[in-house]
1. In segment 53-130, what percent of the accessible surface is made up of carbon and sulfur (1.4 Å probe, ligands and nucleic acids excluded)?
2. In terms of Cα to Cα distance under 30 Å, which lysines are near enough to LYS48, apart from those fewer than 8 places away along the same chain?
3. If you take the beta carbon distance between ASP72 and GLU109 as r and set R0 to 25 Å, what does 1/(1 + (r/R0)^6) give as a FRET efficiency, to the nearest 0.05?
4. Between ASN119 and ALA33, what FRET efficiency follows from the Cβ-Cβ distance if R0 is 25 Å, with the result rounded to 0.05?
5. Roughly how many debye, to the nearest 20, is the charge dipole of the chain about its Cα centre, given +1 on each Lys and Arg Cβ, -1 on each Asp and Glu Cβ, and no other charges?
6. Give the accessible area for SER99 in Å² (nearest 10); use a 1.4 Å probe, count only protein heavy atoms, and leave out ligands, DNA and RNA.
7. Hey, what's the chain come to in accessible area per residue, 1.4 Å probe, Å²?
8. I need to check one value: relative contact order of segment 13-146, counting alpha carbon pairs closer than 8 Å and at least 6 residues apart, in percent.
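The values are calculated or read from the model by the stated rules, or taken from the named source; none is laboratory data. Small disclaimer: the values here were computed from a predicted structure and weren't measured. Positions of Cβ are generated from backbone atoms using ideal geometry, with glycine treated the same way; all protein chains shown enter the neighbour counts. Side chains included, ligands, DNA and RNA excluded: accessible areas come from the protein's heavy atoms. Shrake-Rupley method; radii C 1.70, N 1.55, O 1.52, S 1.80 Å.
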Amino acid sequence: MKVILNQMESGEEEVVINYIRMSREIEEVIRAAGGGEEKIPCSSGDTKYMLPVRSVLYAESVDRVTFIYTADGVYKTSCTLQNLETAYSVKGFFRCSKSMIINIYRISELRSEAGGRINAAMENGEHVIISRKYAKAFRRELRGEE
C-alpha cells in the first residue's frame with residue numbers, strides 16, 4: 001500500500017482512501033483515520049474502566065462471565081465473547097477455543113503442540129492454547145487469507 005502525505009498551510013484536513021477491493025487492512029485504516037480509539041467497558045471490583053481495545057491480550061469466559069486480560073490486570077465485562085469477536089475481529093481478536101479469544105497482535109511467540117494445537121505466548125509471558133478446531137483458521141488468519 002502506498003502512503004502519500006501532503007502538509008498544507010491552511011484549509012480543512014482530509015483523508016482520501018483509494019482502493020480496489022475492501023479488505024481488513026483498508027477497514028483498519030478507515031477506523032484509524034476516523035479518530036478516537038475504540039474502548040471496551042469493564043470493571044475491576046467497584047471501579048469501572050474503559051479499556052482500549054489494543055491493550056487486550058485475551059478474553060475468557062468462565063461460568064458465563066467474560067474476563068478481559070491485559071498486561072496490567074484482569075477485568076470483568078458484560079460483553080460476550082461473541083460480541084467481542086464480531087466487533088473487534090479487524091483489531092486482531094480471534095476465537096482460539098470455545099471459551100477464549102486472543103488478540104493476535106499481542107502474541108510474542110508461537111509453538112506447535114501435539115494434536116494439532118498451537119501454544120501462543122502472549123506479551124505478558126502467559127501461554128494460551130489455540131485448540132485444534134481453530135488452529136487451521138488461525139494459520140489462515142496469519143497468512144492474511146479470508
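1. 46 percent
2. Excluding near neighbours in sequence, the set is LYS39, LYS76, LYS91, LYS98.
3. Once the sixth-power term is evaluated, E becomes 0.75.
4. Plugging the Cβ-Cβ distance into 1/(1 + (r/R0)^6) gives 0.10.
5. Dipole size: approximately 900 debye.
6. Counting only protein heavy atoms, SER99 exposes about 50 Å² to solvent.
7. I get 69 Å² per residue for the chain.
8. Answer for segment 13-146 is 15 percent.
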